[in-house]
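I have placed the structure first, in the form of structure tokens, so that the comments after it can refer back to it.
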């Protein structure tokens, strides 16, 4: 078992990574300290893994909310459903909300934990690759609004993250592939060696080799923990973790939440950001091609969907948490392994990377 | 103009108290720094005072949400209405939410500010006595859930509070009286001199004499600022501000939100807490009678409504943020001017102060 610390003074917490951690009742029992525990999961994960948590916490007062699956359920209604369950159970401020599932479960449950009685304890048990390498770490919680992704939420750190690599064995191929996008992202924005390693180890990763997976999850969490520890509330460096996400959120929004998985949209978004970085002369065409090639080898699309017009994507990008004074701000690459936040890009070049102009004219 | 500082390190902020402050465009302009401003008010306050804010900020991008009046609108729906307005206006993370109104407007607008894009700036312009002396200071934001009051919310400090005493001239008598309850509270829990002063100056206060009001608002804010500065997130002393509130919340809940004003319920709740304190031998009957007498002179009820049974009140008290291990915790008095959090009260005595036993048997 690997242990990584997220260093946030009084809000510091450990990330545990290993195979079979959900079977470790003692570990779960230590990480989840409350007498009252609200387990939040979804209908797909529930029958596979909830029993491990139920067994480990059989001496506690445990209740469960099982959400329907998918990004389309990352709504204020799901959030309210969890709050109602907490109140029906008369859970007190000393309770813990436990998220067992992927990014949607973690984000919704985390926002409920952040706002129930103005904040209760929260533990993340991520079961998807994307949640293990990215969304379960760092305390960002949110629900979507029909007008924008992740627009309602809170910074609320978990008190522990337990990533059981065994859960990745049951992950559908699309979900697994989507998680690879966030792993590639860490290499691109701040860890060139990790990007190089991905290029040489992608086949073992795709084969879900445990040792390779373990290294990828660990290195991703180390990168995430370092960024979050330096800039918890995204006043600076943390925004770089949004590389590919402004494009990606626009794709998700334009296609309707849940039709493209978040990681799939980020994969295409990173390719779009790489193209724009090259257009601006910041990275060489060969670097751009390495990026697009790795994303494609991972099984991800490297382009925005043709069914979303430039106009639709641009409109969706106009609502983004990084925007300032009405201007879209983007994370772009200066090199493989180095990113920065920019608003000095060329508008024409941005339009071009959004897709074929014919689609734009038709919109 | 009086200025009081709430000392919370990086989140410190000023409270300005004075007559005609809403007419002071320069003050409003300095306190509200953003280009994008969402003014949240209610249908009663809007026609009276919104124009001052609109005039002061005519060079900004200003939008307005006007809620229906009353505690029954302190809901997740009102909260969502503000978030939707923010998104429709494409307001960015640099925007400011401004609450112009009483406790309901401030609490709902504050929670929207706390969670829009995971937190934006917030300014309070309280127009009721209760909001000026209590709810606008300290960063507690919340909405009600049908199963419990203030159960969904966040700690989110404003960047400034501007209390214009002139707005109290238009306050309906019931609203004014309700605010007196919270002023009496500060004397009871931590400021004996202030309680003595209230006894001798209540008539001038009821006549809304400006100098007397100014002193009462100032002294209340000084007390509140001191408590919040020492214990922002209510891990200890701040719970004492809940004196009379556990009983009060139960009355509000049992009677249906909005039928008793919050301050009215707190007034009766303080008398109930005083009776229990005497029953436990902590304060003399003469002290209890002074408290009940002052609350009555203020025009507030000193008893729970007969239409709420002991059983109803007890059930409502079982959902309270202070409760621990299934036990109701209460703020009780050790003396006039000193309170403590207790769970060693006698259950029989608690039942008795909740109301006549006939009501209990009938339930």
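Checking residue B:253 against (1) modelled with pLDDT under 95; (2) closer than 30 Å to residue B:7 by Cα: exactly one of these is not met. Which one?
With (1) modelled with pLDDT under 95; (2) closer than 30 Å to residue B:7 by Cα applied to residue B:253, the lone miss is (2).
Is at least one residue of the range A:318-329 touching a strand residue (DSSP E or B) at 6+ places or on another chain (Cβ under 9 Å) and under 15 Å from residue A:268 (Cα atoms)?
Within the range A:318-329, none of the residues are touching a strand residue (DSSP E or B) at 6+ places or on another chain (Cβ under 9 Å) and under 15 Å from residue A:268 (Cα atoms).
When you scan the range A:349-360, do you find a residue that is assigned by TED's automatic domain parsing to the domain that holds residue A:203, without any contact (Cβ under 8 Å) to a residue 60 or more places away in the chain, surrounded by 19 or more Cβ atoms within 10 Å (Cβ to Cβ) and at positive phi, even just one?
Yes, the conditions are met somewhere in the range A:349-360.
Answer yes or no as to whether residue B:179 is buried (at least 21 other Cβ atoms within 10 Å of the Cβ), in contact with a helix residue (DSSP H, G or I) (Cβ under 8 Å, 6 or more places away or on another chain) and in the same structural domain as residue B:339 (by TED's automatic domain parsing).
Spelling it out, residue B:179 is indeed buried (at least 21 other Cβ atoms within 10 Å of the Cβ), in contact with a helix residue (DSSP H, G or I) (Cβ under 8 Å, 6 or more places away or on another chain) and in the same structural domain as residue B:339 (by TED's automatic domain parsing).
Does residue A:112 fit the bill of being modelled with pLDDT of 95 or more and within 14 Å of chain B (Cβ to nearest Cβ)?
Here the answer is yes, as residue A:112 does meet what is asked.
Could you run through the range A:250-261 and say how many residues are in contact with a helix residue (DSSP H, G or I) (Cβ under 7 Å, 6 or more places away or on another chain) and not in a loop (DSSP other than H, G, I, E, B)? First the steps, then the outcome.
Residues of the range A:250-261 that are in contact with a helix residue (DSSP H, G or I) (Cβ under 7 Å, 6 or more places away or on another chain), as a first pass: A:250-254, A:257-258, A:260-261.
Now drop any that are not not in a loop (DSSP other than H, G, I, E, B), which leaves A:250-254, A:257, A:260.
The number of residues fulfilling the criteria is 7.
Only one of (1) on the phi > 0 side of the Ramachandran plot; (2) in contact with a strand residue (DSSP E or B) (Cβ under 6 Å, 6 or more places away or on another chain) is not met by residue A:122, so which one is it?
Single failed check for residue A:122: (1).
Restricting attention to the range B:301-339, which residues are within 14 Å of chain A (Cβ to nearest Cβ) and surrounded by 18 or more Cβ atoms within 10 Å (Cβ to Cβ)?
Scanning the range B:301-339 gives B:314, B:316, B:317, B:319, B:320, B:321, B:322, B:323, B:328, B:329.
Only one residue in A:50, A:114 is in contact (Cβ under 8 Å) with a residue 40 or more places away in the chain and closer than 20 Å to residue B:77 by Cα. Which one?
A:114
If residue A:119 meets every condition in (1) within 14 Å of chain B (Cβ to nearest Cβ); (2) assigned to a helix (DSSP H, G or I); (3) surrounded by fewer than 21 Cβ atoms within 10 Å (Cβ to Cβ) apart from one, which number is that one?
So residue A:119 meets the others, but not (2).
Of all residues in the range B:76-95, which are touching a helix residue (DSSP H, G or I) at 6+ places or on another chain (Cβ under 8 Å) and not in a helix (DSSP H, G or I)?
The first filter runs over the range B:76-95 and keeps only residues touching a helix residue (DSSP H, G or I) at 6+ places or on another chain (Cβ under 8 Å), leaving B:76, B:78-80, B:82-83, B:86, B:95.
Matches in the range B:76-95: B:95 only.
I'm trying to understand the selection: among the residues of the range A:11-37, which are within 14 Å of chain B (Cβ to nearest Cβ) and under 24 Å from the mean Cα position of the chain (by Cα)?
A:11
Go through the range B:68-109 and give me each residue that's more than 14 Å from every other protein chain (Cβ to nearest Cβ), at negative phi and buried (at least 23 other Cβ atoms within 10 Å of the Cβ). Even if it seems obvious, please write down each step before you answer.
Start the filter on the range B:68-109 by keeping residues that are more than 14 Å from every other protein chain (Cβ to nearest Cβ), which leaves B:68-74, B:96, B:98-106, B:109.
If we keep only those that are at negative phi too, we end up with B:68-69, B:71-74, B:96, B:98-100, B:102-106, B:109.
Answer for the range B:68-109, where residues must be more than 14 Å from every other protein chain (Cβ to nearest Cβ), at negative phi and buried (at least 23 other Cβ atoms within 10 Å of the Cβ): B:74, B:96, B:98, B:99, B:100, B:102, B:103, B:104, B:105, B:106, B:109.
Residue check: is residue B:147 surrounded by fewer than 21 Cβ atoms within 10 Å (Cβ to Cβ), out of contact with any strand residue (DSSP E or B) (no Cβ under 8 Å at 6 or more places or on another chain) and closer than 30 Å to residue A:111 by Cβ? Quick ask: steps written out before the conclusion?
Details: surrounded by fewer than 21 Cβ atoms within 10 Å (Cβ to Cβ): yes; out of contact with any strand residue (DSSP E or B) (no Cβ under 8 Å at 6 or more places or on another chain): yes; closer than 30 Å to residue A:111 by Cβ: yes.
Taking the combined requirement at face value, the residue satisfies it.
Residues of the range B:281-300 being buried (at least 18 other Cβ atoms within 10 Å of the Cβ) and part of a loop (DSSP other than H, G, I, E, B), which ones?
Scanning the range B:281-300 gives B:282, B:283, B:298, B:300.
Output the qualifying pairs, or none if there are none: Cβ atoms under 7 angstrom, residues six or more apart or on different chains, first residue in the range B:192-215 and outside the structural domain of residue B:19 (by TED's automatic domain parsing), second residue surrounded by fewer than 14 Cβ atoms within 10 Å (Cβ to Cβ).
Close Cβ pairs (under 7 Å, with a partner that is surrounded by fewer than 14 Cβ atoms within 10 Å (Cβ to Cβ)) amount to B:208/B:169.
Do the conditions hold for residue B:292, that is, is it more than 14 Å from chain A (Cβ to nearest Cβ) and free of Cβ contacts under 8 Å to residues at least 24 places away in the same chain?
yes
Can you tell me which of (1) assigned to a strand (DSSP E or B); (2) within 14 Å of another protein chain (Cβ to nearest Cβ); (3) within 16 Å of the chain's Cα centre (by Cα); (4) buried (at least 24 other Cβ atoms within 10 Å of the Cβ) is the one residue A:124 doesn't meet?
The single condition residue A:124 does not satisfy is (2).
Quick test for you: out of A:26, A:56, pick the one residue that is loosely packed, with under 14 Cβ neighbours inside 10 Å, modelled with pLDDT of 95 or more and over 14 Å from residue A:126 (Cα atoms).
Only one candidate qualifies: A:26.
Would a scan of the range B:33-42 turn up a residue that is out of contact with any helix residue (DSSP H, G or I) (no Cβ under 8 Å at 6 or more places or on another chain), over 29 Å from residue A:153 (Cα atoms), assigned by TED's automatic domain parsing to the domain that holds residue B:127 and surrounded by fewer than 21 Cβ atoms within 10 Å (Cβ to Cβ)?
No, there is no match, as no residue in the range B:33-42 is out of contact with any helix residue (DSSP H, G or I) (no Cβ under 8 Å at 6 or more places or on another chain), over 29 Å from residue A:153 (Cα atoms), assigned by TED's automatic domain parsing to the domain that holds residue B:127 and surrounded by fewer than 21 Cβ atoms within 10 Å (Cβ to Cβ).
Output the residues belonging to the range B:137-156 that are in contact (Cβ under 8 Å) with a residue 60 or more places away in the chain and farther than 26 Å from residue B:312 by Cβ.
Across the range B:137-156, the qualifying residues are B:137, B:138, B:139, B:155.
Mind checking whether some residue in the range A:345-363 is touching a helix residue (DSSP H, G or I) at 6+ places or on another chain (Cβ under 8 Å) and within 14 Å of another protein chain (Cβ to nearest Cβ)?
no
The values are calculated or read from the model by the stated rules, or taken from the named source; none is laboratory data. Worth saying up front: this structure is predicted, and the values here are computed from it rather than measured. Note that each Cβ is placed from the backbone with ideal geometry, even for glycine, and that neighbours are counted across all protein chains shown.
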